[in-house]
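Here's the structure we're looking at; comments come further down.
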Amino acid sequence: MKMQWLKGPAADQERARERYDSDIRAVRRDLREAVRADLPAAHFGLGTVVVVSTVVGLLAGLPL
């Protein structure tokens, strides 16, 4: 059941701030969880970037 909260001058400012802060914390926690990379995936990505950069660097240095 969704609670109906008072709005405007009748609202309890302290409770509204607490609800806002807890919602912001929940959103940030979910965002951190969504973008977090695990260690093996991060190392694989780093290795891929190093290999591709090396290959592109070697090919760019060769005269055509």
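The values are calculated or read from the model by the stated rules, or taken from the named source; none is laboratory data. In this text, all values refer to a predicted model and were calculated from it rather than measured experimentally. Glycine gets a Cβ as well: all are built from the backbone with ideal geometry, and neighbour counts include every protein chain shown. Heavy atoms of the whole protein, side chains included, go into the accessibility calculation; ligands, DNA and RNA do not. Shrake-Rupley method; radii C 1.70, N 1.55, O 1.52, S 1.80 Å.
The number of residues in the stretch 17-64 being farther than 30 Å from Lys7 by Cβ and among the hydroxyl-bearing types (Ser, Thr, Tyr) comes to 3. When Ala16 is tested against the conditions (1) modelled with pLDDT under 85; (2) open to solvent by 80 Å² or more (accessible area, probe 1.4 Å); (3) in a helix (DSSP H, G or I), the lone failure is (2).
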